[in-house]
Every structure is written in C-alpha cells, then in structure tokens.
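These notes are about the structure you will find just below.
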Amino acid sequence: MMLKIDNLHVAVDGKEILKGLTLALAPGTVHAIMGPNGAGKSTLGYTLAGRDGYDVTAGTATLGGQDLLALAPHERAAAGLFLGLQYPVEIPGVSNLAFLRTALNAQRKLRGEAEVSAGDFLKLVRAKAKELGLDPEMLKRPVNVGFSGGEKKRNEMVQMAVLDPKMMVLDETDSGLDIDALRVVSQGINAMRAPDKTILLITHYQRLLDYVEPDFIHVMVDGRIVKTGDKSLALELEREGYGAIAA
C-alpha cells in the first residue's frame, strides 16, 4: 500500500478535527476526497506533510510501509510525499530556479543519490515549464511573487513534476482557476499518473474531476470518511449535496 492511514485523530489548538480517519491508497490509483467546509480535508493534508500545530493524538499513517508520522517534514518530502497547497506561498528574494534546485538536491542527498548538475537541472525545469505553459522567464523571478492564481498553480505543477514524488496530496488545486488554467493544471496532474505513484485530490467541486478522473471518491464529514465510491459518487454529491450523506 502506498499510503495507509488507520484511526487517525488530529487536534488543532486543542480541538479535535480528524476523529478516527481510516484510508488506504494503493500505488497507481487516483483518489479524491470531497466534503463540506470544516470536514477536515485540509487538516489531513497538513498532518501528512508534518505542519506545526497539527497534533496527532491517536492513529497511524505509513508511506510505503514507513512510519510517516515519525519523520520530520523534509524527511517526508524526501520519502516521496508532495503537498500542493490551496494558496501557494510567496518567497521574496528567492528565485524559482534556486528554490527548486535546492529542494531537488536536498531530497536526493537524503536518499543517498547524486546531486543534479546545473546544466541537467536547467534542461529538466525548462522542459517541465514548457509542458505546463509557464513562461520560462518566470523561473527567474522570486517564488510566486506577483504571480496570478493560475500562474501560482502552474508553478506548483512544475515543482511537482521536477521533484517527481510518489505520493501527491493536492489541496484544492482547482481553487481560483479559470477554465484554461484548470485544463493546464489537470494536464500536469494527469502527466504524473503512473503505476508506482498515487494521487490524492482534495476538492469541494466535481469540475476538477471532469479533467482528472479518479478511481475512487471518498466523502469526508466531521473528520471521518463516511462513504467511498467511484466517480458517479461525485456526480451524486453535485446533484444532492452533502446533507443526505451526512445524515
């Protein structure tokens, strides 16, 4: 199993948000978690990535059989976990190229792999930027500074493609995107589908799933998974809302 979560309880500022969440994601599959505001969807992503303030009070989470919760955030990234943020952060004074090369080589070093040379890195990142419709000149600019919402998401997809993680958790990746940006970002996600990789999409709406077709839909309500199904479940939610399932 790529990612296995068992009876996970998580509190933020003393308030329990995840209340016994259990989920198993196999390699080569794409999953979507849907649910109302406050259900705990983003909390799950932050917890898996190791963000401060998200306190695991019970339960386990493993990545490829390795205890994910025992690792520091940078170790989780090196182990193959990538978290795409709903609102990608800006890093003034640090160029996209410098940020991404540093991140890539730091992960490779932790895995005992050789660093990527400057020339090979430039070839790789320019190719990925072209595939995702990101102007190569933007790679020289500070990370996300002055970028539109769509440009930030494209930039995040370039980061994901270069880092080549095996477990991708994408939190509200479709948030704030117009239809053209949504197509490009979806293209980037679909390009990462592979037998040895797993993708978890966290989303409110069905529209992203028109472009990235999931194998499984999981409905989260009040910190737990309450229902799992195929893509037809997303269409049911679009028609009827979460009320019937939460009842």
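Could you give the semi-axes, largest first, of the ellipsoid that matches the chain, computed as the square roots of 5 times the alpha carbon gyration tensor eigenvalues and rounded to whole Å?
So the equivalent ellipsoid measures 29, 21, 16 Å along its semi-axes.
Could you tell me whether the stretch 92-219 comes out rounded, prolate or oblate from its Cα gyration tensor? Rule is a ≥ b ≥ c as square roots of the eigenvalues, rounded for a/c under 1.5, then prolate if a/b exceeds b/c, otherwise oblate.
It comes out oblate by the Cα gyration axes.
Would you mind pulling out the separation of the Cα centroids of the stretch 198-245 and the stretch 103-170, in Å?
For the stretch 198-245 versus the stretch 103-170, the Cα centre distance is 29 Å.
Could you list, in their original order, any pairs among LYS4/LYS123; LYS19/LYS153; LYS109/LYS166; LYS128/LYS152 whose Cα atoms are separated by more than 26 Å?
Pairs exceeding the cut-off: LYS4/LYS123; LYS19/LYS153.
Please turn the phi angles of the stretch 207-213 into ³J(HN,Hα) values with the Karplus equation 6.51 cos²θ - 1.76 cosθ + 1.60 (θ = phi - 60°), one per residue in order, whole Hz, x for glycine and proline.
Once rounded to whole Hz, the list reads 4, 4, 6, 6, 9, 10, 7.
For the stretch 1-112, what's the radius of gyration and Dmax over Cα atoms, in angstrom?
15.2, 42
Under 13 Å from the Cβ of THR228, count the other residues' Cβ atoms, weight Lys and Arg +1, Asp and Glu -1, and hand me the total.
Around THR228, the surrounding residues sum to 0.
Karplus couplings for the stretch 73-81 from phi (6.51 cos²θ - 1.76 cosθ + 1.60, θ = phi - 60°), rounded to Hz, Gly and Pro as x?
Once rounded to whole Hz, the list reads x, 5, 6, 5, 5, 5, 6, x, 8.
So how much slack lies between THR102 and ARG207, counting 0.36 nm per residue of separation and subtracting their Cα-Cα distance, in nm?
So the chain would gain 34.4 nm between THR102 and ARG207.
Throughout, read-outs are computed from the coordinates displayed, never taken from laboratory work. Because the structure is predicted, anything quoted here is derived from the model rather than measured. Virtual Cβ from ideal backbone geometry, glycine too; neighbours counted across all protein chains shown.
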